[in-house]
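The values are calculated or read from the model by the stated rules, or taken from the named source; none is laboratory data. Nothing here was measured: the structure is a model prediction, and the numbers come from that model. So basically every Cβ, Gly included, is an ideal-geometry build from the backbone, and we count neighbours across all protein chains shown. Heavy atoms of the whole protein, side chains included, go into the accessibility calculation; ligands, DNA and RNA do not. Shrake-Rupley method; radii C 1.70, N 1.55, O 1.52, S 1.80 Å.
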Amino acid sequence: MLREILSENLNLSARQFEQFEFFYRAVISWNEKINLTALTNAEDFAVKHVIDSLTVWDENKFAGVGKVIDVGTGAGFPGIPLKIFKPEIEIVLLDSLDKRVKFLKSVVAELNLSGVECIHGRAEDLAHDKNFRECFDLVTARAVARLSVIAEYCLPFAKVGGTFAAMKGKNFREEIAEAGAAVKILGGGEIQSVEKNLPNLPDIRAVIYVDKKKSTPKNFPRKAGVPAKNPLH
């Protein structure tokens, strides 16, 4: 079922099909020990995790992208599907829960994925590290927080000229409306949205793209917990 759905919607090699099938089995196995996802049947995994993750990728916009960081990656979405789909990218998978990071490291090792770093930490801290701050061509986030909050976590990682891409559900217009001031403060440009449909699902979702126009002021992101409690506006 997984391979059938993926083959109907994506142009993948035999190796990529195998990698996605292994990834699915690993998620199901580890899900018995730690809470990774509520979506455990093959169809949901294929559509709502893999295909959904890959909607963030714009072939024209990201043609020259080399370094990516996936903030709040959780069980590896969209980071691992992106790496399997575009093996040439280098990607950092960042999550605040050590158990999930151990899972990610296991998957990366089993799939023999090169150019992947799995980091246990918080964006509010890592974004002040000179080895990560404003170093990435693309910064992704999926279902982490409202746009005004996640922008503060993510834009500091994007280099000037890079892009922050947030995956959002049906309330994306409302989030865009409230995030304009925050994005500007953090060095972002115009907020662009591209609506996406997933196979056999009626709901509309969108990928929000923000290009980094200037450096983020040094005091951002603020300390852990502050952005969520007091979003920029």
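Scanning the stretch 146-171 for residues that are among the aliphatic types (A, V, I, L, M) and either modelled with pLDDT under 95 or crowded, with 18+ Cβ neighbours inside 10 Å (or both) yields LEU147, VAL149, ILE150, ALA151, LEU155, ALA158, ALA165, ALA166, MET167.
The single residue among VAL144, VAL210, VAL160 that is within 20 Å of PHE62 (Cα to Cα), within 15 Å of the chain's Cα centre (by Cα) and not in a helix (DSSP H, G or I) turns out to be VAL210. Any residue in the stretch 122-137 that is open to solvent by 10 Å² or more (accessible area, probe 1.4 Å), assigned to a helix (DSSP H, G or I) and either closer than 26 Å to LEU2 by Cβ or free of Cβ contacts under 8 Å to residues at least 60 places away in the same chain (or both)? Yes: the stretch 122-137 contains one or more residues that are open to solvent by 10 Å² or more (accessible area, probe 1.4 Å), assigned to a helix (DSSP H, G or I) and either closer than 26 Å to LEU2 by Cβ or free of Cβ contacts under 8 Å to residues at least 60 places away in the same chain (or both).
One line per residue, one yes/no per condition, for (1) among the polar types (S, T, N, Q); (2) surrounded by 22 or more Cβ atoms within 10 Å (Cβ to Cβ); (3) at pLDDT 95 or above; (4) in contact with a strand residue (DSSP E or B) (Cβ under 9 Å, 6 or more places away or on another chain):
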| position | (1), (2), (3), (4) |
| --- | --- |
| LEU2 | no, no, no, no |
| LEU6 | no, yes, yes, no |
| PHE22 | no, no, yes, no |
| LYS33 | no, no, no, no |
| ASP44 | no, no, no, no |
| VAL50 | no, yes, yes, no |
| LYS61 | no, no, no, yes |
| THR73 | yes, yes, yes, yes |
| LEU94 | no, yes, yes, yes |
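SER53 meets the conditions (1) touching a residue at least 40 places away in the same chain (Cβ under 8 Å); (2) outside any helix (DSSP H, G or I); (3) among the hydroxyl-bearing types (Ser, Thr, Tyr) in every case but one. The failed one is (2).
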